[in-house]
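These notes concern the structure reproduced below.
The values are calculated or read from the model by the stated rules, or taken from the named source; none is laboratory data. Given the structure is predicted, the values throughout are model-derived calculations rather than measurements. Positions of Cβ are backbone-derived with ideal geometry, glycine not excepted, and every protein chain shown enters the neighbour counts.
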Amino acid sequence: MKDFICSFLNQTGDLLNILGMVGIALLMILTPIAVAIFNNKKDDFDALDRVILNRVVVRARGFLIYIALVYIPILFWNVSSLTFRILEFVMWAVGIYLIVRVLIKAYDWMRGDTFMLLRLDYLRELKNPKDMEEPWRSVWEAKNITTQNEKEFFTIFSAAIDNLLKK
């Protein structure tokens, strides 16, 4: 097994092409999905949905790190020793895992099964008053809220106000 791993990691040309192409393939799949979810209007929660898509589904702040985890190891592969190649391969695998996780969350969002749960969870986690204004405005300006969802929104909102008043 050790010999297989060593010979696998000592490859340069074909392995580098495969590693790079896997990353490119995932990014190519993500591109139309991102366009679709950012252009798809599910209902009246535009501002809230944009924030959730950027911070929860795609995790825009960390996405450049995910891409770096995939491609930086490839850049240094040819000049690295076997020990560093093991570390680089692990970094690459972690980057691929994180990008796949984004794809899965985006697919779940597009299916529509979890977008109300994600909205509610995100609103529960909001603590900073500056971050609350736009999402909550989006909620209260929505026209087609079911009674059950409106009760849930109100419960979360009143808990957030209570927490702010305690401070």
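Annotation: Asn39 fulfils all but one of (1) exposed (fewer than 13 other Cβ atoms within 10 Å of the Cβ); (2) over 14 Å from Val100 (Cα atoms); (3) at pLDDT 85 or above; the unmet one is (3). Would you be able to say whether some residue in segment 66-74 is surrounded by 15 or more Cβ atoms within 10 Å (Cβ to Cβ), modelled with pLDDT of 90 or more and under 21 Å from Arg50 (Cβ atoms)? Yes, segment 66-74 contains a residue that is surrounded by 15 or more Cβ atoms within 10 Å (Cβ to Cβ), modelled with pLDDT of 90 or more and under 21 Å from Arg50 (Cβ atoms). Considering Val70, Val102, the condition of being more than 23 Å from Phe45 (Cβ to Cβ), assigned to a helix (DSSP H, G or I) and aliphatic (A, V, I, L, M) is satisfied by Val70 alone. Confirm whether Lys105 is among the charged types (D, E, K, R) and at pLDDT 85 or above. Considered against the rule, which asks whether it is among the charged types (D, E, K, R) and at pLDDT 85 or above, Lys105 comes out as yes. Among the residues of segment 79-134, those identified as among the charged types (D, E, K, R), free of Cβ contacts under 8 Å to residues at least 60 places away in the same chain and buried (at least 17 other Cβ atoms within 10 Å of the Cβ) are Glu88, Lys105.
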